[in-house]
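The values are calculated or read from the model by the stated rules, or taken from the named source; none is laboratory data. The structure displayed is predicted, hence computed values, not measured ones. Note: ideal-geometry Cβ built from the backbone for every residue, glycine included; neighbour counts use all protein chains shown.
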Amino acid sequence: MHVGGEVDVRSAYCAASVASLTNILTPALFSGTAEWIARCQNWEGGIGGVPGMEAHGGYTFCGMAALVILQQEHLLNLRSLLHWVTGRQMRFEGGFQGRCNKLVDGCYSFWQAGLLPLLHRALHARGDTALSMAHWMFDQLALQEYILLCCQCPAGGLLDKPGKSRDFYHTCYCLSGLAIAQHFGSGDLHNEVVLGIPENCLQPTHPVYNIAPEKVARAVMHFLQYPVPNLDPA
Amino acid sequence: DEIGLIPCPEARYNRSPIVLVENKLGVESWCVKFLLPYVHNKLLLYRQRKQWLNKDELIDITCTLLLLNPDFTTAWNVRKELILSGTLNPLKDLHLGKLALTKFPKSPETWIHRRWVLQQLIQENSLPSLATKGNLGAAPVERIHRLVQEEMNVCSEAAGRYPSNYNAWSHRIWVLQHLAKLTVKVLLDELSSTKYWVSMHVSDHSGFHYRQFLLNSLIGRTVTDSNILVNEQNPNLQKEEESAGTEAACAEEQSVDLPRLLEEEMELCTELIDNYPGHETLWCHSDETLNNSHHSPATSHMAQSMDVDGLNEFSSKQGYTQETKRLKRAPMQDSLGPEMEYQFIDKVLSTCRDVDQARFATAYRKWLVTFLGQ
């Protein structure tokens, strides 16, 4: 994560995210990274912080998104990942838990639910004919219910679950999850599923970078103007 | 040996907020809002080179800070510098961390710093001529063993203080991987010593995941793990198992009765599921243990990919074929008959009154049918 700091799958995602947006991504920079991330997937189907660790929503998102950026999603067992993440949506609350047998938490609205657009895309690229053309593979309305009914602080901001206090982290990821749940696909295939009044509808978010899709496009365009920096000391 | 905050919003008496009872340190909460900013500020001024602090002061200040807020990375980093310069005994940080974890059992920075300290100690240990810091008098192997045992204790305590303590269990795995080198002996010891703990914490997914890790490591130990990600076919699996077995037998004194271990694990699962209905973790653990027992020991999680449909397409992309999978099925199966599992499920469904339990049992049966193809 930083010089002398801990090593886990989050840093791979941060690096891939930054490098791809700023056009400094080279094969050498990420040599071996995709294979290492794949080793973080465990018997549960989800991904842990480092190889051998328990599957965890936050790490799973980071791992999957990093592999999407590196175009190596096929290194994962996508089916068991799909099985694991869909099992994390709570049948009573509608929100997601971070790991098996734990409590629901608003922030996993993004970390977990955000995996489904990525999986959808990866499976579609493989030619899977069973994929829906209108919905993600989770209960989008139930998630929206949880976020809107349980995760809002009356004074503004969002939170983990009723009884917890608000913070920026939960505000960010509850809203990001809400955006994911409201918008399927893009362009011709865009399908909005909005719970409640139309004003509840948020702007869509990019499922890999979690910023507005237009911003991603602009960043990429901007940095493509510059050559990839040379790592050799000239 | 333990620290805690005493809820005490106002200083009623003119006396010290520190309370020490039976080796346990308590701090009255009213003083924190004065103490923490004071020491925090002092350290920051030192870091900004605006105010000098000598080594003893640094040790004191960082110690106080970290007991109030162990996620303050800068304070741990100051102590790293002190350790590297030889002024601070790394064992002190292990003790400080242990104390901090009694109040903050998850603290990521504490665990991370702990691993850094242990790495320092490993390096020290591997040096032939040791000018020891005066504490570890025993032989290197004995030293490492003691460290490992201590870490297992610290992890166990922290795991008991917070449910599904990801950081504590991750650390435990790390210690086994990097300090104990995953020897058969330590894996078996850990299996037996955590058995009681998981029985007392049946919803602790991390605890059961740890047992899966132990079992998987033992499976990996029994056969060489070089043939997991297969590029070449492996027609002579029998021969390889033998030579790997000999190798393992030479290295370790204990032989591993894997089928027996997996059977015991299934028995444990069954017993707990019966006694404590409705815990998803137990069913998950059961799934995976059965999975392990029905496939070749040479199989990793990759080869365990349960793609029943569209198998060929996926497998060829993952670098192995149906052919290889078939060959990898060593004669280790059928020690745990699925019929027993079906009987168990039927029994659970007919006797349970817990809705979740019924749901898990039904899902388990469905899984058995689909994934085991039986």
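Numbers below:
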quantity: Number of the exception - A:Leu159 against (1) modelled with pLDDT of 95 or more; (2) out of contact with any Asp or Glu (no Cβ under 9 Å at 6 or more places or on another chain); (3) surrounded by fewer than 22 Cβ atoms within 10 Å (Cβ to Cβ); calculated: (2)
quantity: Residues of region A:104-124 satisfying the condition of being touching a Pro at 6+ places or on another chain (Cβ under 9 Å) and assigned to a loop (DSSP other than H, G, I, E, B); calculated: A:Gly114
quantity: Selection status of A:Gln140, crowded, with 21+ Cβ neighbours inside 10 Å, out of contact with any Phe, Trp or Tyr (no Cβ under 9 Å at 6 or more places or on another chain) and in contact (Cβ under 8 Å) with a residue 12 or more places away in the chain; calculated: no
quantity: Filter pass, B:His40 being of a type outside the set (S, T, N, Q) and within 27 Å of the chain's Cα centre (by Cα); calculated: no
quantity: Qualifying residue in region A:80-90 (condition: among the charged types (D, E, K, R), crowded, with 20+ Cβ neighbours inside 10 Å and at pLDDT 95 or above); calculated: yes
quantity: Residue satisfying all of: in region B:349-371; modelled with pLDDT under 80 and crowded, with 16+ Cβ neighbours inside 10 Å; nearest to B:Leu272 (Cα to Cα) among these; calculated: B:Cys352
quantity: Qualifying residue in region B:177-194 (condition: within 10 Å of chain A (Cβ to nearest Cβ) and part of a helix (DSSP H, G or I)); calculated: yes
quantity: Region B:148-171, subset charged (D, E, K, R) and over 14 Å from B:His113 (Cα atoms), residue nearest to the other protein chains (Cβ to nearest Cβ); calculated: B:Arg161
quantity: Any hit, region A:164-175, residues being touching a residue at least 24 places away in the same chain (Cβ under 8 Å), assigned to a loop (DSSP other than H, G, I, E, B) and not hydroxyl-bearing (Ser, Thr, Tyr); calculated: no
quantity: Of all residues making up region A:1-30, the number that are farther than 16 Å from A:His56 by Cα and part of a helix (DSSP H, G or I); calculated: 8
quantity: Odd one out for A:Met137, checked against (1) assigned to a helix (DSSP H, G or I); (2) within 18 Å of the chain's Cα centre (by Cα); calculated: (1)
quantity: Unmet criterion (only one of (1) touching a Pro at 6+ places or on another chain (Cβ under 8 Å); (2) within 29 Å of B:Gly160 (Cβ to Cβ)) for B:Ala75; calculated: (1)
quantity: Hits in region A:16-53 - residues which are surrounded by fewer than 17 Cβ atoms within 10 Å (Cβ to Cβ) and under 16 Å from the mean Cα position of the chain (by Cα); calculated: A:Val18
quantity: Within region B:53-118, helices (runs of 4 or more DSSP H) holding 2 or more residues that are touching a residue at least 40 places away in the same chain (Cβ under 8 Å), over 23 Å from B:Lys33 (Cβ atoms) and within 21 Å of the chain's Cα centre (by Cα); calculated: B:90-103
quantity: Residues being aliphatic (A, V, I, L, M) and under 20 Å from A:Glu54 (Cα atoms) - total across region B:137-178; calculated: 8
quantity: Residue list for region B:175-189, filter: loosely packed, with under 15 Cβ neighbours inside 10 Å and either free of Cβ contacts under 8 Å to residues at least 24 places away in the same chain or basic (Lys, Arg) (or both); calculated: B:Lys181, B:Lys185
quantity: Residue match in region A:206-214 (condition: closer than 26 Å to A:Lys102 by Cα, in contact with a strand residue (DSSP E or B) (Cβ under 8 Å, 6 or more places away or on another chain) and surrounded by 19 or more Cβ atoms within 10 Å (Cβ to Cβ)); calculated: no
quantity: Selection count where residues are loosely packed, with under 11 Cβ neighbours inside 10 Å and modelled with pLDDT of 85 or more, scope region B:114-152; calculated: 1
